[in-house]
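The block underneath contains the structure these notes are about, expressed in structure tokens.
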Amino acid sequence: MADTGVLVVGGAGYFGARLAEALAADRSVTLTWRSLPSARAAWLDSSQVAGVAYDSARDDALPVTGRVGAVVNLAMPGAKEASADPEGSKARALKTIDAILALLDEGRADRVVHFSTFHVYGGAGAPDYAEDTAPRPIHPYGEAHALVEERIAAHAHADRVTVLRPTNMVGAPAHADLGDQAGLIFLDLCRQAVSGRMELRNDGRSYRDILAFPDAIAAVRLAIETPSTGGQVMNLAAGEAIRLDALAQDISAAALAEVTFGDGIDAFREPFQVSINRLRAVGWAPTNDLGPEIAHTLAFFR
């Protein structure tokens, strides 16, 4: 891989595949996969993205020859995995970031973009979330991410690592193998909508900060190409939470589908904001337009 190339660790999933596709438009991209079911394999074969196997439970080092311009780390445990095996998932996450940071130590990578999570802030209830808010994770998923953030901050080359804390990134899938993310509210509603009827099982009065994939991808490009983002933790968010019933109604309108609401109640019952000032300061300008991704996702499920 050339010095300008990008290695996306754990890049065959829902967001990673879209990110890899987008980056491959103007540079060489290699992703790593832990498993490669048929849908992912078919997508990879038809794309301009290269793929190699890597599993931190088995491999001590990343399968990298030569140098890369940047490494993007998406290989963190999901919420289900972290809940089922808290200590094991933390160990695998730390082993992965250690392997990535070793590339910086060895002079084989210039920059790292690490995906953490909004869930390091803990449970619902705050009206505002900023990067200097102390992490207080309450779930093994958030705890694993917080541990990795600490490992990065203590590293000798932390000034070459950008940590992004995404909220809820949504968009059309690149392939049909969505894994645990198949049940995301956005995907579930779009999948239902193509039948002409959709039901949100909760009452729709909870809030979520939701960011379209193209805005998230633009932020990754900035982090890769802007050295001043190194050493920073940056929220990756729309900035203003919306109610789930508003999201459902937008999807309903696009699909001409009838929508009904249940009586379930979940977290984030009050509106909240997520500061995106740090990313804006380096030129990020999110469109906060979910419309195109709603349309593309409906087309994907038809």
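Miscellaneous remarks
- Of E131, E87, E149, the one that fluctuates the most in a GNM where the chain has Cα springs shorter than 10 Å: E87
- Treating each Cα of segment 109-207 as one equal point scatterer and applying the Debye formula with no solvent, the log10 of I(q)/I(0) at q = 0.12, 0.18 Å⁻¹ comes out as -0.57, -1.03.
- Sparse-neighbourhood loop sites, trypsin sites (Lys or Arg not before Pro) in segment 2-59 - DSSP loop, at most 12 other Cβ within 10 angstrom: R58
- Label zone at A84, where the point sits 7 Å out along the Cα-to-Cβ direction: segment 131-147 residues whose backbone N lies under 15 Å: 141
- Coarse-grained scattering of the chain at q = 0.12, 0.13, 0.14, 0.15 Å⁻¹, given as base-10 log I(q)/I(0) from a Debye sum over alpha-carbon atoms: -0.78, -0.93, -1.09, -1.26
- Taken one residue at a time, the phi angles of segment 17-24 give Karplus couplings (6.51, -1.76, 1.60, θ = phi - 60°) of 5, 5, 4, 4, 4, 5, 5, 5 Hz. Gly and Pro are set to x.
- Dimensions in Å of segment 234-298 - Rg and Dmax from alpha carbons: 14.7, 42
- Kirkwood Rh and Cα Rg combined as Rg/Rh, segment 60-153: 1.02
- The C-alpha atoms of the chain define a longest principal axis, and helix 86-105 lies at about 50 degrees to it.
- The ellipsoid that matches the Cα gyration tensor of segment 182-268 has semi-axes, each √(5λ) in whole angstrom, of 31, 15, 9, with the longest given first.
- Once the Cα atoms are used to define both axes, helix 140-153 deviates from the longest principal axis of the chain by about 40 degrees.
- Principal-axis tilt of helix 213-225 within the chain, Cα atoms, nearest 10 degrees: 20
- Inter-label distance, A91 to S46: 4.0 nm, where each label sits 7 Å from its Cα along the C-beta direction.
Any read-out appearing in this document is the output of simple, stated calculations on the displayed coordinates, not a laboratory observation. None of these values were measured; they are calculated from a predicted model. Neighbour counts run over all protein chains shown; Cβ positions are idealised from the backbone, glycine included.
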